[in-house]
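Colleague: Quick one: this structure, given as structure tokens, is what I'll be asking you about.
Every number in this text was worked out from the coordinates using simple rules, so none of it is lab data. All values derive from a computational prediction rather than experimental measurement. Because the Cβ atoms are built from the backbone with ideal geometry, glycine has one as well, and the counts that use them run over all protein chains shown.
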Amino acid sequence: MAFPIIVKEEAATDALEAYLYYEAQVTGLGDKFLQALVTCYDRIKTNPQYYSFISSKKARTLRDLQIDGFPYVVISDFDGERIIVYAVHNNYRQSKFH
């Protein structure tokens, strides 16, 4: 079963910035990043509780999943009915979630 996914505005901004960065480096690389991101979202939709914990508090349990081929992770939470994506985080930057 695939669960609905909600991408918060900050996560969408993160993804756009990554796309623009990669596209500026090599034409087409931004598109490859977006394809990898969509694949990552699809994996989360079908197995939202499978991925590793990065934080667990009463309000939410954050998990992350590496985007294949890029130094980014998708940070999300599953509330039993839907997945909420909070960030598309660059692994080279210090995490705001730890």
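Colleague: Suppose R0 equals 25 Å; then what is the FRET efficiency for Asp68 and Ile6 from their Cβ-Cβ distance, rounded to the nearest 0.05?
Modeller: 0.65
Colleague: Please compute the volume of the convex hull spanned by the alpha-carbon atoms of segment 5-90 and report it per residue in Å³.
Modeller: In segment 5-90, the Cα convex hull volume per residue is 81 Å³.
Colleague: Given labels modelled 7 Å from the Cα in the Cβ direction, how far is it in nm from Ala36 to Arg82?
Modeller: For the pair Ala36/Arg82, the computed spacing is 2.9 nm.
Colleague: Per 0.36 nm of contour for each residue apart, how much would the distance between Gln49 and Gln25 grow if the chain were fully extended, relative to their Cα-Cα spacing?
Modeller: Length difference between fully extended and current span is 5.2 nm.
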